[in-house]
1. Can you tell me which residue in segment 77-121 is farthest from ligand 2 (Cβ to nearest atom), limited to those that are touching a Lys or Arg at 6+ places or on another chain (Cβ under 6 Å) and not basic (Lys, Arg)?
2. Consider segment 186-225. How many of its residues are part of a helix (DSSP H, G or I) and among the aliphatic types (A, V, I, L, M)?
3. Which condition does ALA139 not pass, out of (1) touching a Phe, Trp or Tyr at 6+ places or on another chain (Cβ under 6 Å); (2) over 27 Å from GLY69 (Cβ atoms); (3) in contact (Cβ under 8 Å) with a residue 60 or more places away in the chain, if it passes all the others?
4. Could you check segment 199-254 and list, in sequence order, the residues that are surrounded by fewer than 21 Cβ atoms within 10 Å (Cβ to Cβ), of a type in the set (Gly, Ala, Ser) and within 16 Å of ligand 1 (Cβ to nearest atom)?
5. Tell me, which residue of segment 56-99 that is among the polar types (S, T, N, Q) and buried (at least 23 other Cβ atoms within 10 Å of the Cβ) is farthest from ligand 1 (Cβ to nearest atom)?
6. Considering only segment 181-225, state which residues are under 21 Å from the mean Cα position of the chain (by Cα) and within 12 Å of ligand 2 (Cβ to nearest atom).
7. Can we say ALA127 is in contact (Cβ under 8 Å) with a residue 40 or more places away in the chain, away from ligand 1 (no atom under 14 Å from the Cβ) and among the aliphatic types (A, V, I, L, M)?
8. Quick check on ALA70: is it under 21 Å from GLU234 (Cβ atoms) and of a type in the set (Gly, Ala, Ser)?
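The values are calculated or read from the model by the stated rules, or taken from the named source; none is laboratory data. These figures come from a predicted structure and were not determined experimentally. Here the Cβ is made from the backbone with ideal geometry for all residues, glycine too, and neighbour counts use every protein chain on show.
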Amino acid sequence: MTLSRAQLHDLYYFMCLNRRVGEQLAALYRQGKVVGGVYLSVGQEAISVGSAYALGPHDFLGPMIRNDGAMLVRGFKPRDLFLQYMARRDGPTGGRDANTHFGDIRRGVIAPISMLGELIPVLAGVALAAKVRRERRVALTYIGDGGASTTPFHEGLNFAAILKLPLVVILENNGWAYSTPVSKQAAVKDLAERARAYGIPSEIVEGNDVLAVYQATRAALDRARRGEGPTLIEAKTMRMKGHGEHDDARYVPGELLEKWRKKDPILQFERYLATRRLMTEVEKAALESRIEEEIRRDVEFAEASPFPAPEEAVRPVWA
Ligand SMILES: Cc1ncc(C[n+]2csc(CCOP(=O)(O)OP(=O)(O)O)c2C)c(N)n1
Ligand SMILES: [Mg+2]
């Protein structure tokens, strides 16, 4: 499970890309160009990137709204996100929906579901289909600390546990569900403890350590592929911005943010690569300018894309 130098650079690239796409979306939001809200994953990039990078090419991914990093790893481009958030015609849903409400079954990506928890039974169903067809494919999905209090979270995991389905659930514990801290949401110390109630293994990882997330996900995926059933991984992190860009999060204590800022996943990984001489300054600069160019080109493309014509709105409506 050791990663090559090129793979380590990939992880760094996707985390930086994830961060830059987020910053750009925040800017577009402030310019009034976003239709609806923007929900960022600043500070949580290691979770999306490390976990999605562990997937095999035929595995399934069920991202939530803050897992845009996982979508980038899976092959979506920054332009898909810009177009989608600005509801433009050339976007993945043709401008009919906003933010990350899109998937692509050819890439094994199931579109996010806004109702918290509901992705878990859906991805358990996807895993069940893979099992029935005797395909060695695993389904990976995510849930927040808040979402972990919902009924479908329990139902979905219990169902997957009984049938030993190839499912991996990453519980992204970022300390907050909108303005509710975890302490007002759960009496257990670690949300991972809940796995015992379903009779499945769990693991707690430092969510800001991309390699730890990668290794834990990889082990859980391998377990699922061997037919040993689901795993719950709790990744500890911190929501570094408001729930969405409309929320200034003044209810979050400043010292808490300060503490977590020191554990920034990108800076942490940068230090790791630098001290082990795994990335030179020249390689880092080349990677950063590649990202800047990609962002510049994709924003330009998205801004030039028209809105859909009104009559197009009803075209793909099924019934
Ligand atoms: C069943 C349900 N209840 C409430 C909401 C409204 N809502 C959307 S996001 C959110 C907070 C989610 O917190 P968490 O699960 O911790 O995820 P995070 O935003 O921290 O990533 C709430 C209450 C919803 N979408 N679905
Ligand atoms: Mg949360």
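1. Applying the filter and picking the extreme gives GLY95.
2. 13
3. (2)
4. Listed by number, the residues that qualify are GLY242, GLY244, ALA249.
5. Result: GLN84.
6. The answer is PRO181, VAL182, LEU191, GLY207.
7. Considered against the rule, which asks whether it is in contact (Cβ under 8 Å) with a residue 40 or more places away in the chain, away from ligand 1 (no atom under 14 Å from the Cβ) and among the aliphatic types (A, V, I, L, M), ALA127 comes out as yes.
8. Considered against the rule, which asks whether it is under 21 Å from GLU234 (Cβ atoms) and of a type in the set (Gly, Ala, Ser), ALA70 comes out as yes.
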